[in-house]
Each structure stands twice: as structure tokens, then as C-alpha cells.
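Visitor: First the structure, which I've put down as C-alpha cells, then a few questions once you've had a look.
The values are calculated or read from the model by the stated rules, or taken from the named source; none is laboratory data. Bear in mind the structure is a predicted one, so any value in this text is a computation, not a measurement. Cβ coordinates were reconstructed from backbone atoms using ideal geometry, including for glycine residues, and neighbour counts include every protein chain displayed. Heavy atoms of the whole protein, side chains included, go into the accessibility calculation; ligands, DNA and RNA do not. Shrake-Rupley method; radii C 1.70, N 1.55, O 1.52, S 1.80 Å.
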Amino acid sequence: MKRDGTASDNLRKRAVATPQDESVTGERSTPEPIPPESLLARVLERANLQRALKQVRQNKGAPGVDGMTVDALPEYLKHHWLALRAKLVAGTYRPQPVRRVDIPKPDGKMRPLGIPTVLDRFIQQAIAQVMQAQWEPHFHPHSYGFRPQRSAHQAVRELQANIRQGYGWVVDTDIEAFFDRVNHDRLMARLKRHVNDPDLLRLINRYLKAGVQLNGKTEVTTMGVPQGGPLSPILANVVLDELDWELEKRGHRFARYADDCNIMVKSQRAGERVMASVTRWISDRLRLTVNPLKSAVDHPHKRKFLGFTVSRKEARLKVADKAIDKLKHRVRELTRRTRGHRLEHIVAELRITLLGWKAYFGIAEVLSPLREIDKWIRRKLRCYIWKQWGRAGYRELRKRGVSVREAWNTSKSAHGPWRLSMTPALALALPVRYFRNLGLPTLAGR
């Protein structure tokens, strides 16, 4: 649709439907440009806004710099939306800075997270929904992150299939601080080449440059896409879609989930050559840096991808050691004696954690590590219970069928609770059935 004079004239017209774009296939070709149309008009459509509000309320989240909560947003919109909409149409709306917080990473470092105001989350969500629908047919089929009907599991299965087809080496590329270093000029240029809607592009650019508030001071943002906003995932895919199609053009087998990309090759020599050329391309074209300390060319069973690795033989899916260590850390937090909770409460909390973990890692095909984790969790709970029993340990063991001798030796032992938690007496008094009846799920069970 050809654009008329002003933004307001343009938005008074409903965006006309365009012919259905041809979905991207696995063929080695460059995606066709997105047909130009008034995307801002779609963003401001009532149905789209209602979806956005529902999604923001479901996601919840902390307040931004203005202190407004998610629960307060509907009432605020009821009184102020018409004025806000007028500013969006006129191009005078200015997003507020994001509130910067640091969250711990598994390696002990901190990850910066930007929390937009709930109002800006609402507007970003409305934009993201339209952008997603517009870009989705043009994204590469081997891009799995932040896309409807796609998942990390599919990305992992893609790599597994390639390994089983003889691609026994992986080029594991880690883009250093990707979300913090996205080049704004490159991103906007790519958006402009595919979307002819200056009104929406101007608004997106303002979100990129809205600034970050840290300790009460606002810092200007000249690069990066702050993690934490609904718009960031789709913009990340727009940036890295260019990499996807470059890898496709070169004939590589790969899977990408957000900024985590693995390329499969058949030899170490080929992998080193690919690593060098892709690293140069990412630097020259995307103006980003591949982290040499976290990237490597190696056998797949020595690397992890989205929390998984594979076995040396048959390339069966296996939970990576770091994912297991992270789960253990969480279990330790929940079973600390100083929390002073009843066992039923502890098991209820563990149940939520374990079921969520199993929902993701349940596709693992190597079950022996999961069986060990199940045993370890039961041991942690036996240790917790033994500490709670205290001086009543002997009586509690006897009530549960432990012999006089075993109960006496255990209760009078000089060993600590963790050592005693693996004794036959406690295994008999607190068997697997006991924890199953309390509702404790097993990770190795199917």
C-alpha cells in the first residue's frame, strides 16, 4: 500500500490485507522483502491492544522507573489511553528509561536486565505482536528462539539429527554480550529495508535509545537491545536472521536459538575453517564479537547446547552437568534446615521446581544421571528429617520398623546428619514409597 502524506492521514485508513507471503523453505535463497503497509495502524488496533494487555498482565513482572504495577495498568489506560494514542499517532510519544537491575548468572557473574515501565511493556508487546506476524514467514527454518510453534527442544533435536548423519564436530559460537552490543544503525537499516513504515520505525528507534536508569541516574543507550522488554526477542531475531541466511547460503547445517548458534561439520579442520570465517563475518557485517573463551570447535559430547549434551555413542540426549549443578543448588536452598518449614511444605516447593525442570529436561534419553539426582534429593530430605527429629531419632526409627540395634547404633552415632542420611536405618524408615506418597516426583520416571 502506497503511503499518503502525513502519519495521521495514513493511520485513519485501515491497513489492507496483502497476499499471503510464501513461507521460507530450506532452499538456498534470500527472503523476499516484506510488503510495505501501515504497521503502526495494526499496532493500535483494538484487538491487538487487548491481546497485548492480556499478555503483559500474565507475564506480571516488577514495576519500572515510575513505580506503576501491572495490576494498576488497566485502570491507568482507562483514563489516559486516548491521550497516549494521540501521541503515538502524532509521533510525539517518548518512552521512559528502563530500570536497570543485575541478576546472577550460573557462572557467578551478573547479567544486566532492563525493566521497562508497565506502560512501555504494553506498547512494546503490541508492537512485538505485529512485528512477529510480519517477520515470521521470512525467518529461517533453523531459527528456533522466541518464535511461535518453535522451541529449544526442536533446536536440540535438529543438532542430534545432524550428528547421527555423520556431522561429528560442532562449531559452538558464543556472541559476546549480544543483547548489550547490538548495533542500532545496523538494526534500523535492516528494519528499513524490509518495512516501509517510518512512524513505527521511529517509535522502535526511540525504544532503543530510551536510556537506562541506574541508582537514580539516567544513562544514554547508544547500542544494545535491553533484555527484559517484550520487543527485544523479535529485534534479536531480526539482527541474527542475517546470519542464518548467510549460513544457509554457505550450505552449513546449523541450529540457532537466540544468540546461541551451533554449526555442524564433519571434521575438525572444516570446523576451524568455519569458525574463522564466521567470526570474521559476524565482526564485519553485524559489528559483533565472537567470544574466543566460550566458543570452540569440538566433539558434540564435550559441548552443551541449551542445557543438553549428547552421549559419545549413538548421540543420545543427556542433561548437561551445569544444568544438574544448577538444580542441585536450588534443592539445597529449599532444604536448608534454617528455613524451619514442615516437610510437607518443603516437598510442595520441591514439587513445583522438579516438575518445571522435568518439563524441559524430560526429553533426555540418558537416564542414569537423573536416577542419581533422584537418590540425592531423597537423601537431602532424609537428612532434613533427621535434623528435625533431633533427640527423638531413636523413637522415630523404632516407630518405622527399624530394629533396636540399628536404631540405637544410628541414633548414637558420632557421624553427622549427611553421613547418616545414607544408612540402612534411614532408608528403611523413609523408603522411596514414603516420598512418593508425599507427592515428590521422580526425574527419571516416565
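Visitor: Filtering segment 390-408 down to residues that are open to solvent by 40 Å² or more (accessible area, probe 1.4 Å) and of a type in the set (A, V, I, L, M, F, W, C), which residue is farthest from the chain's Cα centre (by Cα)?
Guide: If we take residues in segment 390-408 being open to solvent by 40 Å² or more (accessible area, probe 1.4 Å) and of a type in the set (A, V, I, L, M, F, W, C), then VAL404 is farthest from the chain's Cα centre (by Cα).
Visitor: If you go through segment 331-353, how many residues are surrounded by 14 or more Cβ atoms within 10 Å (Cβ to Cβ) and either hydroxyl-bearing (Ser, Thr, Tyr) or within 18 Å of the chain's Cα centre (by Cα) (or both)?
Guide: 2
Visitor: I'm told GLY64 meets every condition in (1) within 25 Å of the chain's Cα centre (by Cα); (2) surrounded by 15 or more Cβ atoms within 10 Å (Cβ to Cβ); (3) modelled with pLDDT of 95 or more except one. Can you identify the failing condition by its number?
Guide: Condition (3) is where GLY64 drops out.
Visitor: Mind counting the residues in segment 410-422 that are surrounded by 13 or more Cβ atoms within 10 Å (Cβ to Cβ) and over 40 Å from the mean Cα position of the chain (by Cα)?
Guide: 3
Visitor: Still on this structure, I have one more. Under 6 Å between Cβ atoms, which residue pairs at least 6 apart in sequence (or on different chains) link something in segment 59-70 that is farther than 18 Å from GLY216 by Cβ and in contact (Cβ under 8 Å) with a residue 12 or more places away in the chain with a partner that is surrounded by 14 or more Cβ atoms within 10 Å (Cβ to Cβ) and of a type outside the set (Gly, Ala, Ser)?
Guide: From segment 59-70, the pairs are THR69/PRO63; VAL70/ARG57; VAL70/VAL118.
Visitor: Sticking with this structure for a sec: Can you tell me which residues in segment 159-176 are open to solvent by less than 40 Å² (accessible area, probe 1.4 Å) and either of a type in the set (Ser, Thr, Tyr) or farther than 18 Å from ALA270 by Cα (or both)?
Guide: Once the filter is applied, which keeps residues that are open to solvent by less than 40 Å² (accessible area, probe 1.4 Å) and either of a type in the set (Ser, Thr, Tyr) or farther than 18 Å from ALA270 by Cα (or both), segment 159-176 yields GLN160, THR173, ILE175.
Visitor: Let me ask you something else. Scan segment 425-446 for residues that are over 17 Å from GLN388 (Cβ atoms) and modelled with pLDDT of 95 or more and jot them down.
Guide: ALA427, LEU428, PRO431, VAL432, ARG433, ARG436, ASN437, GLY439, PRO441, THR442, LEU443
Visitor: Of these, GLN58, GLN132, which one is closer than 24 Å to ASP197 by Cβ and either open to solvent by 20 Å² or more (accessible area, probe 1.4 Å) or in contact with a His (Cβ under 9 Å, 6 or more places away or on another chain) (or both)?
Guide: Criteria check complete, one pass: GLN132.
Visitor: Hand me the list of strands (runs of 3 or more DSSP E) wholly inside segment 153-248 holding 2 or more residues that are touching a residue at least 12 places away in the same chain (Cβ under 8 Å) and under 30 Å from ASP298 (Cβ atoms).
Guide: Once the strands (runs of 3 or more DSSP E) in segment 153-248 are filtered for at least 2 residues that are touching a residue at least 12 places away in the same chain (Cβ under 8 Å) and under 30 Å from ASP298 (Cβ atoms), what remains is 169-174.
Visitor: Additional query: Given (1) free of Cβ contacts under 8 Å to residues at least 40 places away in the same chain; (2) open to solvent by 30 Å² or more (accessible area, probe 1.4 Å); (3) of a type outside the set (S, T, N, Q), identify the lone condition not met by LYS358.
Guide: That leaves (1) as the condition not met.
Visitor: While we're on this one: Return yes when ARG285 is open to solvent by 10 Å² or more (accessible area, probe 1.4 Å) and either out of contact with any helix residue (DSSP H, G or I) (no Cβ under 8 Å at 6 or more places or on another chain) or not in a helix (DSSP H, G or I) (or both) and no when it is not. Show your work before the answer.
Guide: Numbers: open to solvent by 10 Å² or more (accessible area, probe 1.4 Å): yes; either out of contact with any helix residue (DSSP H, G or I) (no Cβ under 8 Å at 6 or more places or on another chain) or not in a helix (DSSP H, G or I) (or both): no.
So ARG285 does not fit the description; no.
Visitor: Could you give me the residue pairs with C-beta distances under 8 Å whose first residue belongs to segment 314-333 and is modelled with pLDDT of 95 or more, whose second residue is open to solvent by less than 10 Å² (accessible area, probe 1.4 Å) and in a loop (DSSP other than H, G, I, E, B) wherever it lies, and which are 6+ apart or on separate chains?
Guide: LEU317/ALA364; LYS318/ALA364; VAL319/ALA364
Visitor: How many residues are of a type outside the set (D, E, K, R), more than 29 Å from ARG57 (Cα to Cα) and open to solvent by 10 Å² or more (accessible area, probe 1.4 Å) if we restrict to segment 224-264?
Guide: 3
Visitor: Report, by residue number, each residue of segment 361-375 that is closer than 16 Å to LYS328 by Cα and either open to solvent by less than 40 Å² (accessible area, probe 1.4 Å) or within 24 Å of the chain's Cα centre (by Cα) (or both).
Guide: PHE361, PRO369, LEU370, ILE373, ASP374 - these are the residues of segment 361-375 that are closer than 16 Å to LYS328 by Cα and either open to solvent by less than 40 Å² (accessible area, probe 1.4 Å) or within 24 Å of the chain's Cα centre (by Cα) (or both).
Visitor: Of everything in segment 249-282, what is in a strand (DSSP E or B) and touching an Asp or Glu at 6+ places or on another chain (Cβ under 7 Å)? Give them in sequence order.
Guide: ALA255, ARG256, ASN262
Visitor: Filter segment 252-279 for residues that are among the hydroxyl-bearing types (Ser, Thr, Tyr) and under 27 Å from the mean Cα position of the chain (by Cα); which is farthest from PRO226 (Cα to Cα)? Show your work before the answer.
Guide: From segment 252-279, those among the hydroxyl-bearing types (Ser, Thr, Tyr) are 257, 267, 277, 279; that's our starting set.
Pick out the ones that are also under 27 Å from the mean Cα position of the chain (by Cα) and you get 257, 279.
Working: TYR257: 18, THR279: 23 Å.
If we take residues in segment 252-279 being among the hydroxyl-bearing types (Ser, Thr, Tyr) and under 27 Å from the mean Cα position of the chain (by Cα), then THR279 is farthest from PRO226 (Cα to Cα).
Visitor: Let me ask something else. Check ARG111, ARG121 and return the single one that is part of a helix (DSSP H, G or I) and basic (Lys, Arg). Before the answer, list the steps.
Guide: On the way: ARG111 fails: part of a helix (DSSP H, G or I).
One residue alone meets the criteria, ARG121.
Visitor: Looking at LYS313, LYS294, can you tell me which residue is charged (D, E, K, R), over 29 Å from ASP180 (Cβ atoms) and not in a helix (DSSP H, G or I)? Spell out the reasoning first.
Guide: Numbers: LYS294 fails: over 29 Å from ASP180 (Cβ atoms).
Exactly one residue qualifies, and that residue is LYS313.
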